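In what follows, a single structure is set out as structure tokens and then discussed.
The values are calculated or read from the model by the stated rules, or taken from the named source; none is laboratory data. Keep in mind it's a predicted model, so treat the numbers as computed, not measured. In this analysis, Cβ positions are derived from the backbone assuming ideal geometry, glycine residues included, and neighbour counts consider all displayed protein chains.
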Amino acid sequence: MEICSEIRMKRMEMMELANAYGMGHEYTLRQSERLDKLINEYLILQHHSSVEVRNKRENMVVIVQEPFDDDVAL
């Protein structure tokens, strides 16, 4: 399962637990901790991906389009 889907699922489960038992209940808090761990895992993966992209950029050729002239009517 993709981590984003898993985060959405865990968030919905936590909201259902909060509705059933309350925000401060042990079940809700445990689910919140599980959700926090998933979100942290996602952020770590995103950070590592961006670092890899930055490292690969050094070997890339970038083509930049000239900016549009704001005075030209479309």
Original post:
Among the residues of region 33-50, is any exposed (fewer than 13 other Cβ atoms within 10 Å of the Cβ), among the hydroxyl-bearing types (Ser, Thr, Tyr), at pLDDT below 95 and in a helix (DSSP H, G or I)?
Top reply: yes
**OP:** Filter region 9-44 down to residues that are more than 14 Å from the chain's Cα centre (by Cα) and β-branched (Val, Ile, Thr), then give me how many there are.
**Re:** 1
